[in-house]
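Peer 1: Please find one structure pasted underneath; my questions will follow.
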Amino acid sequence: MQCLLCRVTGRVQGVFFRASTQREARRLGVTGFARNLRDGSVEVLACGESAAVAALKEWLYRGPPQARVSAVSCEAVAHQAPPDFSTG
């Protein structure tokens, strides 16, 4: 089990980024959350098997079609995995 806390910057708010991230995370079996930050970025906690978390991290660089991701920064964190993937 691995948890990554990522920050995604660019045009990532108002383009269904959180909902699309939730859909992709659930498809991969990853739990955690995606939430908007005040500075216009999105914070994503991704917990699960290493390969699934890596796949979600790779997806964050693209996001949904309307998004324009300029950067993704992630760090491994010690976090108890949530039971599902939520948006907030």
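Here, each number is a calculation from the coordinates, and none is a lab measurement. Quick caveat: nothing in here was measured; it's all calculated off a predicted structure. With ideal geometry, Cβ positions are generated from the backbone for all residues, glycine too; neighbour counts draw on all protein chains shown.
Peer 1: How large is Rg over Rh for the chain, taking Rg from the Cα atoms and Rh as the Kirkwood inverse mean of 1/r across Cα pairs?
Peer 2: My calculation of the ratio gives 0.92.
Peer 1: Next question, about the same structure. What residue among Pro82, Val15, Ala34 has its Cα farthest toward the positive end of the dipole of the chain, where the charges are +1 on Lys, Arg and -1 on Asp, Glu, each on the Cβ?
Peer 2: The residue sitting most towards the positive pole is Val15.
Peer 1: Can you list residues from other chains, or at least 5 along the same chain, whose modelled amide H is less than 5 Å from the amide H of Ser86?
Peer 2: Gly32, Phe33, Ala34
Peer 1: For Phe16, Phe33, Phe85, which order do you get if you count the other beta carbons within 10 Å of each Cβ and list the fewest first? Let's see the in-between values first.
Peer 2: Working: Phe16 16, Phe33 20, Phe85 26.
Ordered by Cβ neighbours within 10 Å, fewest first: Phe16, Phe33, Phe85.
Peer 1: May I pose another question? Note down the net charge around Leu4, summing +1 for each Lys or Arg and -1 for each Asp or Glu among other residues with Cβ under 10 Å from its Cβ.
Peer 2: Here the charged neighbours net out to 0.
Peer 1: Right, another one. Helix 17-28 against the longest principal axis of the chain: what's the angle in degrees, Cα atoms only, rounded to the nearest 10?
Peer 2: Tilt relative to the chain: about 30 degrees.
Peer 1: Quick one: Karplus J couplings for the range 55-70, per residue in order, coefficients 6.51, -1.76, 1.60, θ = phi - 60°, nearest Hz, x for Gly and Pro?
Peer 2: Working through the residues one at a time gives 5, 5, 4, 4, 5, 4, 5, 9, x, x, x, 6, 6, 10, 6, 9 Hz.
Peer 1: Shifting gears a bit: Tell me, what is the FRET efficiency for Ala51 and Ser73 to the nearest 0.05, using R0 = 25 angstrom and their Cβ-Cβ distance as r?
Peer 2: Numbers: r = 21 Å, r/R0 = 0.82.
The value I calculate is 0.75.
Peer 1: Once every DSSP H run of n ≥ 4 in the chain is given -39500 (n - 2.57) and the sum is divided by its residues, what mean residue ellipticity at 222 nm do you get, rounded to the nearest 500 deg cm²/dmol?
Peer 2: Per the formula, -8000 deg cm²/dmol.
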